[in-house]
Each structure stands twice: as structure tokens, then as C-alpha cells.
Amino acid sequence: MGTHTNAHKCKQFVLFLYSDSVVHYWYKALPSEDKESWENLSAAFRKRWPKKTVALKTELEYKAEIMGCVLETKDLLKKEVVAGREVYRYIAWANCMLTLTMGAKIATGMTYLNLVCKDLPQAI
């Protein structure tokens, strides 16, 4: 939120909430003294939504997942929902593979390309 004052941050906070969302109703029910101080507001927010520890995948786990990602010919034109949008399965698969190869730090290498390509449908 930039270099604004804490009072300004408190007033602007509500503008960043989705209407009718869980956090929007949480904010509406929050005592006014928690809305007047950035320290109180941020503490109340962190209490309601504590930071969660993410279990990060190792490069080896990414590589194993890459090898397990199979795209079959019968599934090419099926659709699935990704990030709220309907896309063809082959598009979702390609995006997933990019994410996995970036996580495994092999997105620009050729190491796994032949292994993955040999199992792709002939249509691709």
C-alpha cells in the first residue's frame, strides 16, 4: 500500500476486499477500534488468517511429477476449468508442464524433453 500513513491504510483496506466475501463480512463484524489502527487491523487479520507454512516440493519431486503427467489422445479436446476459466485439456497440460519444469529448474533444458515427448499423443 505504498508509503501512506497508517490511518490511510486502514481506510483503504476495505477497498481491497471482494464484496460478499468471507473477509468482507469479517471486516464488517470487526470492532471499530480494530479498524482505526493499522497495528490492530493487521493483527486481527493475521489472527483470523494466520500465515501457513508451505510444503515446498524438491526438484526431484517436480521431476517425478513431470514424468507422471500423461496426456492421452482421448483427452486432448476435453475441457477443464483452470483459474475459473474453461480450457482444453492440452492447454491445461502445457501450462502445468511449464509450471512443473520451472519448479524443477529444467524449463530451458533438454534433459526431460525427449522422455516427455515420446509419450505425447501423435496429434501433438
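The values are calculated or read from the model by the stated rules, or taken from the named source; none is laboratory data. Here the structure is a predicted model, which means the values were calculated and not measured. No Cβ is skipped: glycine too gets one built from the backbone with ideal geometry, and neighbour counts run over all protein chains shown. Surface areas here come from the heavy atoms of the whole protein model, side chains and all, with no ligands, DNA or RNA. Shrake-Rupley method; radii C 1.70, N 1.55, O 1.52, S 1.80 Å.
Table for the structure above
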| read-out | value |
| --- | --- |
| The range 52-100: number of residues that are of a type in the set (S, T, N, Q) and over 19 Å from residue 121 (Cβ atoms) | 3 |
| Pairs with Cβ under 9 Å, 6+ apart, first in the range 22-51 and free of Cβ contacts under 8 Å to residues at least 60 places away in the same chain, second open to solvent by less than 60 Å² (accessible area, probe 1.4 Å) and among the β-branched types (Val, Ile, Thr) | 24/14; 27/14; 28/14; 35/14; 45/23; 48/23; 49/23 |
| Complete set of residues in the range 66-93 that are at pLDDT 90 or above and under 18 Å from the mean Cα position of the chain (by Cα) | 80, 81, 86, 87, 91, 92, 93 |
| Single condition residue 62 does not satisfy, out of (1) open to solvent by 60 Å² or more (accessible area, probe 1.4 Å); (2) at pLDDT 85 or above; (3) not small (Gly, Ala, Ser) | (1) |
| Those residues of the range 38-65 which are more than 18 Å from the chain's Cα centre (by Cα) and of a type in the set (Phe, Trp, Tyr), in sequence order | 38, 45 |
| Considering residues of the range 35-48 that are touching a helix residue (DSSP H, G or I) at 6+ places or on another chain (Cβ under 9 Å) and open to solvent by 80 Å² or more (accessible area, probe 1.4 Å) only, the residue farthest from residue 9 (Cα to Cα) | 48 |
| Count - residues of the range 15-34 that are open to solvent by less than 50 Å² (accessible area, probe 1.4 Å) and farther than 30 Å from residue 99 by Cα | 5 |
| Residues that are open to solvent by 70 Å² or more (accessible area, probe 1.4 Å) and free of Cβ contacts under 8 Å to residues at least 12 places away in the same chain, drawn from the range 92-114 | 98, 99, 102, 108, 110, 111, 113, 114 |
